[in-house]
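Have a look at the structure below before the remarks.
The values are calculated or read from the model by the stated rules, or taken from the named source; none is laboratory data. Given the structure is predicted, the values throughout are model-derived calculations rather than measurements. In this analysis, Cβ positions are derived from the backbone assuming ideal geometry, glycine residues included, and neighbour counts consider all displayed protein chains. What goes into the accessible areas is simple: the full protein's heavy atoms, side chains included, and nothing from ligands, DNA or RNA. Shrake-Rupley method; radii C 1.70, N 1.55, O 1.52, S 1.80 Å.
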There are 2 protein chains.
Amino acid sequence: MEHIINKYKSKGFKLTPQRLAILRFLEGNTSHPTAEAIYSEMKKVHPTLSFATVYNTIQALKERGLLSEITIDPERKHFDPNPAPHHHIICTACNRIIDVMADYSETLTLPGDILDQFTVTGTHVDFFGVCVDCRS
Amino acid sequence: MEHIINKYKSKGFKLTPQRLAILRFLEGNTSHPTAEAIYSEMKKVHPTLSFATVYNTIQALKERGLLSEITIDPERKHFDPNPAPHHHIICTACNRIIDVMADYSETLTLPGDILDQFTVTGTHVDFFGVCVDCRS
DNA sequence: TCCAAGATGATAAATATTCTATTTTAAGAG
DNA sequence: CTCTTAAAATAGAATATTTATCATCTTGGA
(Lines give C-alpha, C1' and ligand atoms only; values in the text may rest on other atoms or scores of the structure.)
Protein backbone atom coordinates (compact mmCIF):
# COMPACT_ATOMS: atom_id res chain seq x y z
CA MET A 1 0.00 0.00 0.00
CA GLU A 2 2.99 2.26 0.45
CA HIS A 3 3.46 2.46 -3.29
CA ILE A 4 -0.07 3.75 -3.77
CA ILE A 5 0.58 6.57 -1.32
CA ASN A 6 3.77 7.53 -3.12
CA LYS A 7 2.19 7.15 -6.54
CA TYR A 8 -0.59 9.62 -5.85
CA LYS A 9 1.40 12.00 -3.67
CA SER A 10 3.85 12.39 -6.50
CA LYS A 11 0.92 13.29 -8.75
CA GLY A 12 -0.06 16.10 -6.41
CA PHE A 13 -2.83 14.34 -4.51
CA LYS A 14 -3.48 15.34 -0.93
CA LEU A 15 -4.24 12.01 0.65
CA THR A 16 -7.10 11.85 3.08
CA PRO A 17 -8.38 8.52 4.41
CA GLN A 18 -11.51 8.72 2.24
CA ARG A 19 -9.56 9.48 -0.87
CA LEU A 20 -7.03 6.80 -0.18
CA ALA A 21 -9.80 4.25 0.21
CA ILE A 22 -11.21 5.23 -3.18
CA LEU A 23 -7.80 5.09 -4.80
CA ARG A 24 -7.14 1.66 -3.33
CA PHE A 25 -10.53 0.44 -4.48
CA LEU A 26 -9.88 1.62 -8.01
CA GLU A 27 -6.27 0.42 -8.23
CA GLY A 28 -6.24 -2.47 -10.66
CA ASN A 29 -10.02 -2.65 -10.58
CA THR A 30 -11.42 -4.01 -13.84
CA SER A 31 -15.09 -4.04 -12.80
CA HIS A 32 -15.81 -0.66 -14.43
CA PRO A 33 -17.77 0.70 -11.47
CA THR A 34 -20.30 3.50 -11.62
CA ALA A 35 -20.07 6.47 -9.23
CA GLU A 36 -22.85 4.85 -7.27
CA ALA A 37 -20.91 1.58 -7.03
CA ILE A 38 -17.82 3.37 -5.75
CA TYR A 39 -19.92 5.31 -3.26
CA SER A 40 -21.77 2.35 -1.80
CA GLU A 41 -18.60 0.27 -1.60
CA MET A 42 -16.75 3.05 0.22
CA LYS A 43 -19.67 3.67 2.56
CA LYS A 44 -18.89 0.32 4.16
CA VAL A 45 -15.48 1.61 5.23
CA HIS A 46 -16.25 5.32 5.67
CA PRO A 47 -19.90 5.71 6.60
CA THR A 48 -19.70 9.49 6.57
CA LEU A 49 -18.43 9.62 3.00
CA SER A 50 -20.39 11.91 0.75
CA PHE A 51 -21.10 11.61 -2.94
CA ALA A 52 -19.31 14.89 -3.49
CA THR A 53 -16.07 13.30 -2.37
CA VAL A 54 -16.51 10.46 -4.82
CA TYR A 55 -17.11 12.89 -7.69
CA ASN A 56 -14.25 15.13 -6.55
CA THR A 57 -11.86 12.22 -6.59
CA ILE A 58 -13.13 11.02 -9.95
CA GLN A 59 -12.60 14.54 -11.28
CA ALA A 60 -9.08 14.77 -9.87
CA LEU A 61 -8.16 11.43 -11.41
CA LYS A 62 -9.62 12.37 -14.77
CA GLU A 63 -7.68 15.62 -14.85
CA ARG A 64 -4.47 13.67 -14.38
CA GLY A 65 -5.36 11.11 -17.03
CA LEU A 66 -5.55 8.31 -14.46
CA LEU A 67 -9.20 7.50 -14.97
CA SER A 68 -11.45 7.48 -17.98
CA GLU A 69 -15.18 7.67 -18.41
CA ILE A 70 -16.81 4.81 -20.26
CA THR A 71 -19.99 5.70 -22.13
CA ILE A 72 -20.79 2.28 -23.61
CA ASP A 73 -23.73 1.85 -21.20
CA PRO A 74 -26.48 4.35 -22.07
CA GLU A 75 -27.95 3.95 -18.60
CA ARG A 76 -25.04 5.39 -16.67
CA LYS A 77 -21.39 6.28 -16.77
CA HIS A 78 -18.79 3.76 -15.74
CA PHE A 79 -15.21 4.48 -14.81
CA ASP A 80 -12.03 2.70 -15.75
CA PRO A 81 -8.78 3.26 -13.85
CA ASN A 82 -6.71 1.52 -16.51
CA PRO A 83 -4.94 4.28 -18.44
CA ALA A 84 -3.72 1.91 -21.16
CA PRO A 85 -5.70 2.33 -24.37
CA HIS A 86 -8.19 -0.48 -24.77
CA HIS A 87 -11.78 -1.15 -25.69
CA HIS A 88 -14.88 -2.65 -24.10
CA ILE A 89 -17.67 -5.11 -24.61
CA ILE A 90 -20.95 -4.86 -22.73
CA CYS A 91 -23.54 -7.55 -22.15
CA THR A 92 -26.79 -5.94 -23.20
CA ALA A 93 -28.67 -8.21 -20.81
CA CYS A 94 -26.77 -7.74 -17.51
CA ASN A 95 -24.76 -4.60 -18.38
CA ARG A 96 -21.47 -6.22 -17.38
CA ILE A 97 -18.52 -4.57 -19.09
CA ILE A 98 -15.34 -6.45 -19.95
CA ASP A 99 -12.04 -5.07 -21.23
CA VAL A 100 -11.07 -5.78 -24.80
CA MET A 101 -7.30 -5.64 -24.98
CA ALA A 102 -6.70 -5.32 -28.67
CA ASP A 103 -5.04 -2.70 -30.83
CA TYR A 104 -7.11 -1.67 -33.81
CA SER A 105 -5.26 1.56 -34.44
CA GLU A 106 -3.82 0.37 -37.73
CA THR A 107 -7.14 -0.75 -39.13
CA LEU A 108 -9.41 2.10 -38.06
CA THR A 109 -8.66 4.51 -40.87
CA LEU A 110 -11.07 7.36 -41.47
CA PRO A 111 -12.56 8.35 -44.82
CA GLY A 112 -10.57 11.10 -46.52
CA ASP A 113 -13.20 13.81 -46.21
CA ILE A 114 -13.27 13.40 -42.44
CA LEU A 115 -9.50 13.43 -42.15
CA ASP A 116 -9.65 16.85 -43.80
CA GLN A 117 -12.11 18.07 -41.19
CA PHE A 118 -10.68 16.58 -38.00
CA THR A 119 -7.43 16.11 -36.17
CA VAL A 120 -7.99 12.75 -34.54
CA THR A 121 -6.91 12.38 -30.93
CA GLY A 122 -8.35 9.03 -29.94
CA THR A 123 -10.45 6.04 -30.81
CA HIS A 124 -12.59 3.70 -28.78
CA VAL A 125 -14.51 0.63 -29.90
CA ASP A 126 -17.74 -0.44 -28.22
CA PHE A 127 -18.76 -4.06 -28.69
CA PHE A 128 -22.26 -5.19 -27.79
CA GLY A 129 -23.23 -8.75 -27.07
CA VAL A 130 -24.71 -11.26 -24.67
CA CYS A 131 -22.50 -13.04 -22.17
CA VAL A 132 -22.59 -16.78 -21.44
CA ASP A 133 -24.35 -16.26 -18.11
CA CYS A 134 -27.22 -14.40 -19.77
CA ARG A 135 -27.57 -16.67 -22.78
CA SER A 136 -29.19 -19.50 -20.81
CA MET B 1 -44.45 14.38 -46.96
CA GLU B 2 -47.04 11.78 -47.87
CA HIS B 3 -44.42 9.08 -47.85
CA ILE B 4 -43.47 9.90 -44.27
CA ILE B 5 -47.07 9.43 -43.19
CA ASN B 6 -47.30 6.09 -44.95
CA LYS B 7 -43.90 4.99 -43.71
CA TYR B 8 -44.76 5.47 -40.07
CA LYS B 9 -48.37 4.41 -40.28
CA SER B 10 -47.25 1.12 -41.72
CA LYS B 11 -44.95 0.74 -38.73
CA GLY B 12 -47.89 1.10 -36.40
CA PHE B 13 -47.50 4.73 -35.45
CA LYS B 14 -50.52 6.75 -34.51
CA LEU B 15 -49.76 10.03 -36.18
CA THR B 16 -50.56 13.13 -34.22
CA PRO B 17 -49.40 16.56 -35.39
CA GLN B 18 -46.76 16.72 -32.68
CA ARG B 19 -45.43 13.32 -33.51
CA LEU B 20 -45.43 14.00 -37.21
CA ALA B 21 -43.44 17.17 -36.66
CA ILE B 22 -40.81 15.23 -34.73
CA LEU B 23 -40.67 12.52 -37.37
CA ARG B 24 -40.27 15.08 -40.14
CA PHE B 25 -37.55 16.84 -38.19
CA LEU B 26 -35.65 13.61 -37.70
CA GLU B 27 -36.11 12.28 -41.25
CA GLY B 28 -32.71 12.44 -42.90
CA ASN B 29 -31.35 14.57 -40.05
CA THR B 30 -27.62 14.06 -39.57
CA SER B 31 -27.14 16.64 -36.82
CA HIS B 32 -27.39 14.04 -34.04
CA PRO B 33 -29.73 16.12 -31.87
CA THR B 34 -30.18 15.71 -28.14
CA ALA B 35 -33.66 15.35 -26.63
CA GLU B 36 -33.35 18.99 -25.61
CA ALA B 37 -32.52 20.02 -29.19
CA ILE B 38 -35.55 18.17 -30.56
CA TYR B 39 -37.75 19.70 -27.88
CA SER B 40 -36.70 23.30 -28.42
CA GLU B 41 -36.89 22.96 -32.19
CA MET B 42 -40.41 21.50 -32.01
CA LYS B 43 -41.53 24.12 -29.51
CA LYS B 44 -41.33 26.64 -32.31
CA VAL B 45 -44.02 24.79 -34.23
CA HIS B 46 -45.99 23.27 -31.35
CA PRO B 47 -45.67 25.55 -28.33
CA THR B 48 -47.67 23.20 -26.14
CA LEU B 49 -45.37 20.26 -26.78
CA SER B 50 -44.10 18.60 -23.65
CA PHE B 51 -40.81 16.86 -23.03
CA ALA B 52 -42.67 13.66 -22.33
CA THR B 53 -43.90 13.60 -25.92
CA VAL B 54 -40.37 13.94 -27.19
CA TYR B 55 -39.19 11.08 -25.03
CA ASN B 56 -42.23 8.99 -25.90
CA THR B 57 -41.56 9.39 -29.60
CA ILE B 58 -37.87 8.64 -29.15
CA GLN B 59 -38.86 5.51 -27.27
CA ALA B 60 -41.33 4.42 -29.96
CA LEU B 61 -38.72 4.90 -32.67
CA LYS B 62 -36.08 3.02 -30.71
CA GLU B 63 -38.40 0.06 -30.20
CA ARG B 64 -38.87 -0.18 -33.94
CA GLY B 65 -35.16 0.14 -34.66
CA LEU B 66 -35.62 3.45 -36.45
CA LEU B 67 -33.53 5.51 -34.07
CA SER B 68 -30.40 4.80 -32.11
CA GLU B 69 -28.87 6.37 -29.07
CA ILE B 70 -25.37 7.72 -29.44
CA THR B 71 -23.27 7.69 -26.29
CA ILE B 72 -20.06 9.19 -27.67
CA ASP B 73 -20.70 12.47 -25.80
CA PRO B 74 -20.37 11.90 -22.05
CA GLU B 75 -22.37 15.06 -21.38
CA ARG B 76 -25.63 13.92 -22.90
CA LYS B 77 -27.28 11.43 -25.19
CA HIS B 78 -27.67 12.19 -28.85
CA PHE B 79 -30.00 10.47 -31.27
CA ASP B 80 -29.44 9.27 -34.79
CA PRO B 81 -32.33 8.45 -37.13
CA ASN B 82 -30.08 6.72 -39.61
CA PRO B 83 -30.64 2.98 -39.17
CA ALA B 84 -27.70 2.03 -41.38
CA PRO B 85 -24.73 0.81 -39.35
CA HIS B 86 -22.09 3.49 -39.14
CA HIS B 87 -19.76 5.19 -36.69
CA HIS B 88 -19.15 8.66 -35.30
CA ILE B 89 -16.50 11.25 -34.63
CA ILE B 90 -16.97 13.98 -32.05
CA CYS B 91 -15.13 17.25 -31.75
CA THR B 92 -14.02 17.38 -28.13
CA ALA B 93 -14.06 21.18 -28.26
CA CYS B 94 -17.53 21.95 -29.66
CA ASN B 95 -19.19 18.52 -29.23
CA ARG B 96 -20.25 18.37 -32.85
CA ILE B 97 -20.80 14.82 -34.02
CA ILE B 98 -20.26 13.72 -37.61
CA ASP B 99 -21.11 10.39 -39.22
CA VAL B 100 -18.29 8.07 -40.19
CA MET B 101 -19.56 5.93 -43.02
CA ALA B 102 -17.04 3.12 -43.02
CA ASP B 103 -17.30 -0.60 -42.55
CA TYR B 104 -14.79 -1.97 -40.08
CA SER B 105 -16.60 -5.23 -39.47
CA GLU B 106 -13.86 -7.31 -41.07
CA THR B 107 -11.08 -5.76 -39.04
CA LEU B 108 -12.68 -5.59 -35.60
CA THR B 109 -12.01 -9.13 -34.50
CA LEU B 110 -12.21 -9.93 -30.81
CA PRO B 111 -9.59 -11.82 -28.79
CA GLY B 112 -10.42 -15.51 -28.51
CA ASP B 113 -11.14 -15.53 -24.79
CA ILE B 114 -13.85 -12.92 -25.26
CA LEU B 115 -15.40 -14.73 -28.21
CA ASP B 116 -15.83 -17.67 -25.84
CA GLN B 117 -17.66 -15.47 -23.34
CA PHE B 118 -19.85 -13.36 -25.60
CA THR B 119 -22.16 -13.63 -28.57
CA VAL B 120 -21.46 -10.37 -30.35
CA THR B 121 -24.47 -8.47 -31.67
CA GLY B 122 -22.99 -5.15 -32.70
CA THR B 123 -20.02 -2.86 -32.86
CA HIS B 124 -19.62 0.88 -32.79
CA VAL B 125 -16.48 2.97 -33.15
CA ASP B 126 -16.10 6.32 -31.40
CA PHE B 127 -13.50 8.67 -32.84
CA PHE B 128 -12.40 11.72 -30.87
CA GLY B 129 -10.78 14.75 -32.39
CA VAL B 130 -10.83 18.48 -32.97
CA CYS B 131 -12.61 19.91 -35.98
CA VAL B 132 -11.19 22.59 -38.27
CA ASP B 133 -13.45 25.27 -36.83
CA CYS B 134 -12.15 24.66 -33.32
CA ARG B 135 -8.50 24.29 -34.25
CA SER B 136 -7.97 28.00 -34.87
C1' DT C 1 3.76 23.40 15.80
C1' DC C 2 1.51 26.49 12.60
C1' DC C 3 -0.54 27.78 8.38
C1' DA C 4 -2.49 27.74 3.84
C1' DA C 5 -4.15 25.08 0.31
C1' DG C 6 -6.98 21.84 -0.50
C1' DA C 7 -10.46 18.15 0.94
C1' DT C 8 -14.75 16.85 3.26
C1' DG C 9 -19.62 16.65 3.93
C1' DA C 10 -24.31 18.62 4.14
C1' DT C 11 -27.16 20.73 1.35
C1' DA C 12 -28.97 22.98 -2.57
C1' DA C 13 -29.18 23.27 -7.42
C1' DA C 14 -28.92 21.96 -12.12
C1' DT C 15 -29.69 18.60 -15.57
C1' DA C 16 -31.60 14.65 -17.61
C1' DT C 17 -35.06 11.36 -17.81
C1' DT C 18 -39.11 8.72 -16.30
C1' DC C 19 -43.58 8.19 -14.28
C1' DT C 20 -48.53 9.25 -13.15
C1' DA C 21 -52.95 10.80 -13.85
C1' DT C 22 -55.99 13.21 -16.67
C1' DT C 23 -57.47 14.95 -20.96
C1' DT C 24 -57.43 14.68 -25.77
C1' DT C 25 -57.14 12.63 -30.28
C1' DA C 26 -56.44 9.36 -34.21
C1' DA C 27 -58.29 5.95 -36.81
C1' DG C 28 -61.00 2.02 -37.61
C1' DA C 29 -65.93 -0.08 -37.07
C1' DG C 30 -70.38 0.41 -38.04
C1' DC D 1 -70.15 10.59 -40.59
C1' DT D 2 -70.33 9.29 -35.85
C1' DC D 3 -68.97 6.36 -32.16
C1' DT D 4 -65.64 3.94 -29.62
C1' DT D 5 -61.41 2.72 -27.90
C1' DA D 6 -56.70 2.38 -27.67
C1' DA D 7 -53.08 5.21 -27.78
C1' DA D 8 -50.95 9.76 -27.38
C1' DA D 9 -50.43 14.42 -25.30
C1' DT D 10 -50.04 17.18 -21.46
C1' DA D 11 -48.67 19.03 -16.85
C1' DG D 12 -46.41 18.17 -13.22
C1' DA D 13 -44.34 15.28 -9.86
C1' DA D 14 -40.73 12.07 -9.10
C1' DT D 15 -36.25 10.03 -9.70
C1' DA D 16 -31.49 9.83 -10.90
C1' DT D 17 -27.23 11.81 -11.85
C1' DT D 18 -24.00 15.23 -11.41
C1' DT D 19 -22.31 19.79 -10.11
C1' DA D 20 -22.00 23.79 -7.09
C1' DT D 21 -21.80 26.24 -2.56
C1' DC D 22 -19.89 26.92 1.68
C1' DA D 23 -18.56 26.24 6.33
C1' DT D 24 -15.57 23.17 8.67
C1' DC D 25 -11.74 20.19 8.95
C1' DT D 26 -7.28 17.99 7.55
C1' DT D 27 -2.97 17.27 5.13
C1' DG D 28 1.63 18.30 4.39
C1' DG D 29 5.11 21.52 4.04
C1' DA D 30 7.40 25.83 6.29
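Numbers below:
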read-out: Residue check, B:Ala21 surrounded by fewer than 20 Cβ atoms within 10 Å (Cβ to Cβ), assigned to a helix (DSSP H, G or I) and not basic (Lys, Arg); value: yes
read-out: For A:Tyr55: the one exception among (1) within 11 Å of chain B (Cβ to nearest Cβ); (2) open to solvent by 40 Å² or more (accessible area, probe 1.4 Å); (3) assigned to a helix (DSSP H, G or I); value: (1)
read-out: Boolean, B:Glu106 is in the same structural domain as B:Asn6 (by TED's automatic domain parsing), under 25 Å from A:Ile114 (Cβ atoms) and among the charged types (D, E, K, R); value: no
read-out: Of all residues making up the range A:72-87, the number that are under 18 Å from A:Val130 (Cα atoms) and within 16 Å of DNA strand D (Cβ to nearest atom); value: 4
read-out: Criterion violated by B:Asn29 - all others in (1) in contact with a Pro (Cβ under 7 Å, 6 or more places away or on another chain); (2) surrounded by fewer than 17 Cβ atoms within 10 Å (Cβ to Cβ); (3) within 21 Å of A:His124 (Cβ to Cβ) satisfied; value: (3)
read-out: Count of the range B:72-99 residues which are of a type in the set (Gly, Ala, Ser) and over 12 Å from the mean Cα position of the chain (by Cα); value: 1
read-out: Only listed residue being away from chain A (no Cβ under 14 Å) and open to solvent by less than 20 Å² (accessible area, probe 1.4 Å), chosen from B:Leu61, B:Leu66; value: B:Leu61
read-out: Every residue from the range B:46-71 that is under 16 Å from B:Thr30 (Cβ atoms) and over 11 Å from the mean Cα position of the chain (by Cα); value: none
